[in-house]
Amino acid sequence: MIFRIEPARVEDCGVLLTLIRGLAEYERLLHQVVASEERLRAELFGTRPVIEAVIGWEDGHAVGFALFFHNFSTFLARRGLYLEDLFVVPQARGRGYGKALIVHLARLAVERGCGRFEWAVLDWNQPAIDFYQSLGAQLLPDWRVCRLTGDALERLSDLRAA
């Protein structure tokens, strides 16, 4: 089997959406997916792209992806690379494709002068936690993700600064 990693192209948005739905199903969050090919196309390839993606191909079939973007560390005064999502389809797991995608992004981070490479993992996903730790990643025990969406985000945006 031949495995290769390629940057997502405009014509790959449908493939990418299928992989995103596969990830959401695995994470038991399929009900939250409202993404569309059009939104992905706009965010990946619009006038001001905010995300990047790579797709892992095995013998011409998409078997995984990584979606990422740059963030910034004020303490380092350097950009970082943030991995939003990594997914390999169940039938292609155990072949090293997840590791290959992570290594690919680590190389990008180094080439781009990033001070760090980060991502989050669900606390129940022990296989992923074990995998990431085997690569040398540290789980940060003192940090929790905060998120505002929907009505809460709208309400906060309507507040006047004190």
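The values are calculated or read from the model by the stated rules, or taken from the named source; none is laboratory data. Being a predicted model, the structure only gives us computed values, none of them experimental. FYI the Cβ positions are ideal-geometry reconstructions off the backbone, even for glycines, and counts take in every protein chain you see.
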#### Entry: Selection status of H61, surrounded by 14 or more Cβ atoms within 10 Å (Cβ to Cβ) and under 24 Å from P7 (Cβ atoms)
no
### Query
Any residue in region 65-74 that is out of contact with any Leu (no Cβ under 6 Å at 6 or more places or on another chain) and buried (at least 17 other Cβ atoms within 10 Å of the Cβ)?
yes
### Query
For residues in region 95-145 being among the aromatic types (F, W, Y) and in a loop (DSSP other than H, G, I, E, B), which is farthest from H70 (Cα to Cα)?
W124
### Any pair with Cβ under 9 angstrom, 6 or more apart, that starts in region 106-122 at a residue that is on the phi > 0 side of the Ramachandran plot and of a type in the set (V, I, T) and ends at one that is exposed (fewer than 14 other Cβ atoms within 10 Å of the Cβ) and not in a helix (DSSP H, G or I)
none
## Note on the structure
(1) at pLDDT 95 or above; (2) under 14 Å from the mean Cα position of the chain (by Cα) all hold for A120 apart from (1)
### Query
Among the residues of region 1-54, which ones are under 22 Å from A109 (Cα atoms), assigned to a loop (DSSP other than H, G, I, E, B) and not hydrophobic (A, V, I, L, M, F, W, C)?
R9, R48, P49
#### Entry: Every residue from region 18-32 that is without any contact (Cβ under 8 Å) to a residue 60 or more places away in the chain and closer than 20 Å to I129 by Cα
A24, E25, R28, L29
### Message
Suppose the filter is basic (K, R) and within 19 Å of L105 (Cα to Cα); does R95 pass it?
### Response
yes
## Note on the structure
Of the candidates G80, G56, the one satisfying the condition of being farther than 20 Å from C13 by Cβ and in contact with a helix residue (DSSP H, G or I) (Cβ under 9 Å, 6 or more places away or on another chain) is G80
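Here is a yes/no grid of residues against (1) aromatic (F, W, Y); (2) surrounded by fewer than 13 Cβ atoms within 10 Å (Cβ to Cβ):
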residue: T47; (1), (2): no, yes
residue: A53; (1), (2): no, no
residue: R93; (1), (2): no, no
residue: K99; (1), (2): no, no
residue: H104; (1), (2): no, no
residue: G113; (1), (2): no, yes
residue: W119; (1), (2): yes, no
residue: N125; (1), (2): no, no
residue: D130; (1), (2): no, yes
